[in-house]
Amino acid sequence: MLGIFGKKSDHPLADIKSAQQVLQDIPKNDALSTVQELTSWIESILELADDFRLDHEFAVLRMFDEAAQPHVRKLMRDYFAVQPVSKFQENRLWMVLDGFYTQSELVHYDVLTRYINDGRGASGVKPDLALLVSRGIAALTGRLKMSAARYALVEPSLWKHLADFYAHAETHDYQDDVVGLYPGVPGDTSVKQEIAALLVWYGVSAGVLNPLHEHITERLIAYAGKGLRVDGQYNANALFVFDLAQPTPPMRVASDATLHPALRFFSVAEELKQLSLLSKTLEKGIVPDDVNFGGANYDVELVRDILRKLIDHLTQPLPTRRNPRRKISVNLKVANGFFRMLEQADVGLNFFNPDTAEIWDVEDISATGFRSVLPASHVDGIKIGSLIGSKPENVQNWGAGIVRRLSRDEKNNLHVGVEVLSTQIVGISLTDRAQPADEDMQIALYLNRPGDTSGEAWLLMRPNTFSPNRSLNMDLNGKGYLLLPLALVETGDDYDLARYRRMEQEAAAE
């Protein structure tokens, strides 16, 4: 293999046999170290690409990329585990996975770019273009997943790469060619299927799901990916649109959008049919073997709940803002989490000094939510689904909300969108109706929702407290109430949000 100075290169990747020897010599007993070393070699491929014929570059890339995949799947299982790893280990896993996907995507993109420019050896790559581009988009999906896991700002170049990958496949009519993505990965795919699954997943999950739910959602969409449709013309049934000429994140289709030939529209009707069939299977307590979670085993109830939310996102129209959002600058005292909120409740539960609450600057607010921008140093413990207690300046009451949206800007500040559940929380005591002994009393938070005439009580409780078969006694403002369980609305790391039918009890009955 001739190098840039016209001499035969002695780099180990310049010859297929020596590259194979490199692979054999890499230790395989530790997935983290193995992926790190393989990533370094893949990065070397890009650095030396101009010295290689194009078919040689792609052949070496295939070898190292395929060798890495089983170990990458192991790291993905560890990273997206139900029981989170330590912060130190989470950072290590993220860095290694993000590094691998970045280098893999960049080299796949380089091979395509050199092919377009008719690089030496381009004819040897032509039969495998569908595989090259499908893997490039799959690597790009990995990059986006790691960015979404940290609510990071996505580099604009990623969307350009995606547009270039797909545009080339479409121009040369191989977007529907069926390929097996990697050895050991069940099922077939295509360039069209990979881009559709990526854009639909990103459109429904980025910034609004926590990392585990985001990962499972991506796998569910990929499972039914053959049901996704891509059109070059406006389709009233399309859910998302992507601009090949000026690529940005996928947008929800709007009927009044300006149309032009570079737009691609993504529909989900057939995918929804497959997901609905999967839902029926999950209702029987079975996770089918052909749902590819990369070897991870997730509880059927978790998968079922995430699938239900996914189907809702794919079928329901975007919510319209019910209340005007006002630009405002106000200081907000914040208590992060259920137990911190208990400290602020008004029934003698202030075990700690209320002044330990954090102060957030709110930039806009409405009756049902607010948005705050936090520097990177103030975001520990904040994630999608976090419970937030809040108290505006000059207001006596603490309220409750849940983090619904997170994103980062170019300065790494975290933009936090909070849905307000109630502007006033009240600390209450609960006892089991069947066992009303004092030692069984538990503390909860009653969401005082002004104007609510439903006869219901919404409670924030300790995690794993709600039971559909257990009625409770509640004391509130000197009165006794019987609470009949209706539904568990939502769960978080440290809370249950539950609905009860509220029935006032007569003093004589007590």
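The values are calculated or read from the model by the stated rules, or taken from the named source; none is laboratory data. Please read these numbers as outputs of a predicted model, since none were measured by experiment. No Cβ is skipped: glycine too gets one built from the backbone with ideal geometry, and neighbour counts run over all protein chains shown.
Kindly indicate whether E504 is of a type in the set (D, E, K, R), at pLDDT 90 or above and surrounded by fewer than 18 Cβ atoms within 10 Å (Cβ to Cβ). Walk me through it before giving the result.
Values: of a type in the set (D, E, K, R): yes; at pLDDT 90 or above: no; surrounded by fewer than 18 Cβ atoms within 10 Å (Cβ to Cβ): yes.
No.
Condition check ((1) under 26 Å from V303 (Cβ atoms); (2) outside any helix (DSSP H, G or I); (3) not acidic (D, E)) across all residues:
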residue: L158; (1), (2), (3): no, no, yes
residue: D164; (1), (2), (3): no, no, no
residue: L181; (1), (2), (3): yes, yes, yes
residue: G187; (1), (2), (3): yes, yes, yes
residue: Q193; (1), (2), (3): yes, no, yes
residue: L199; (1), (2), (3): yes, no, yes
residue: L209; (1), (2), (3): yes, yes, yes
residue: D256; (1), (2), (3): no, yes, no
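Could you look through the stretch 175-221, keep only residues that are among the hydroxyl-bearing types (S, T, Y) and in contact with a His (Cβ under 9 Å, 6 or more places away or on another chain), and pick out the one that is modelled with the highest pLDDT? Spell out how you get there, then give the answer.
Step one: list which residues in the stretch 175-221 are among the hydroxyl-bearing types (S, T, Y), which gives 182, 189-190, 202, 205, 217.
With the extra rule that they be in contact with a His (Cβ under 9 Å, 6 or more places away or on another chain), the set shrinks to 205, 217.
Working: S205: 92, T217: 97.
Going through the qualifying residues, I end up with T217.
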(request) Please list, ordered by first then second residue, the pairs with beta carbon atoms under 7 Å, 6 or more apart or interchain, first in the stretch 451-472 and modelled with pLDDT of 90 or more, second among the charged types (D, E, K, R) and in a loop (DSSP other than H, G, I, E, B). (result) W458/R449; P463/D494; S471/R433; L472/R433
(request) Go through D312, D305, D346, D299 for me and flag whichever is modelled with pLDDT of 90 or more and either of a type in the set (A, V, I, L, M, F, W, C) or farther than 19 Å from G207 by Cα (or both). (result) D299
(message) Name the single residue that is surrounded by the most Cβ atoms within 10 Å (Cβ to Cβ) among those in the stretch 265-275 being assigned to a helix (DSSP H, G or I) and more than 21 Å from the chain's Cα centre (by Cα).
(response) Q274
(request) Go through D25, D51 for me and flag whichever is farther than 21 Å from D78 by Cβ and touching a residue at least 24 places away in the same chain (Cβ under 8 Å). (result) D51
(message) Here's a check for you: in the stretch 31-53, which residue that is loosely packed, with under 15 Cβ neighbours inside 10 Å and modelled with pLDDT under 95 is farthest from V107 (Cα to Cα)?
(response) D50
(request) Please state which of the following conditions Y101 fails to meet, knowing it meets all the rest: (1) buried (at least 20 other Cβ atoms within 10 Å of the Cβ); (2) part of a loop (DSSP other than H, G, I, E, B). (result) (2)
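So for the stretch 391-401 (the condition being within 26 Å of the chain's Cα centre (by Cα), at pLDDT 90 or above and either surrounded by fewer than 16 Cβ atoms within 10 Å (Cβ to Cβ) or farther than 24 Å from S205 by Cβ (or both)), does at least one residue qualify?
Yes, that holds for at least one residue.
For the structure I just gave you, tell me whether P261 is in a loop (DSSP other than H, G, I, E, B) and at pLDDT 95 or above.
On the way: in a loop (DSSP other than H, G, I, E, B): yes; at pLDDT 95 or above: no.
Spelling it out, it is not the case that P261 is in a loop (DSSP other than H, G, I, E, B) and at pLDDT 95 or above.
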(request) Sort through L374, L332 and tell me the only one that's modelled with pLDDT of 75 or more and either loosely packed, with under 13 Cβ neighbours inside 10 Å or more than 28 Å from I443 (Cβ to Cβ) (or both). (result) L374
(message) Could you check the stretch 68-85 and list, in sequence order, the residues that are buried (at least 18 other Cβ atoms within 10 Å of the Cβ) and of a type in the set (G, A, S)?
(response) A68
(request) Would you check which residues across the stretch 398-414 are touching a residue at least 40 places away in the same chain (Cβ under 8 Å) and over 26 Å from L144 (Cα atoms) and list them? (result) W398, A400
(request) Please state which of the following conditions S279 fails to meet, knowing it meets all the rest: (1) more than 20 Å from V200 (Cα to Cα); (2) surrounded by fewer than 18 Cβ atoms within 10 Å (Cβ to Cβ). (result) (1)
(message) Kindly evaluate P156 against the criterion of being in contact (Cβ under 8 Å) with a residue 24 or more places away in the chain, touching a helix residue (DSSP H, G or I) at 6+ places or on another chain (Cβ under 9 Å) and either of a type in the set (D, E, K, R) or surrounded by fewer than 21 Cβ atoms within 10 Å (Cβ to Cβ) (or both).
(response) no
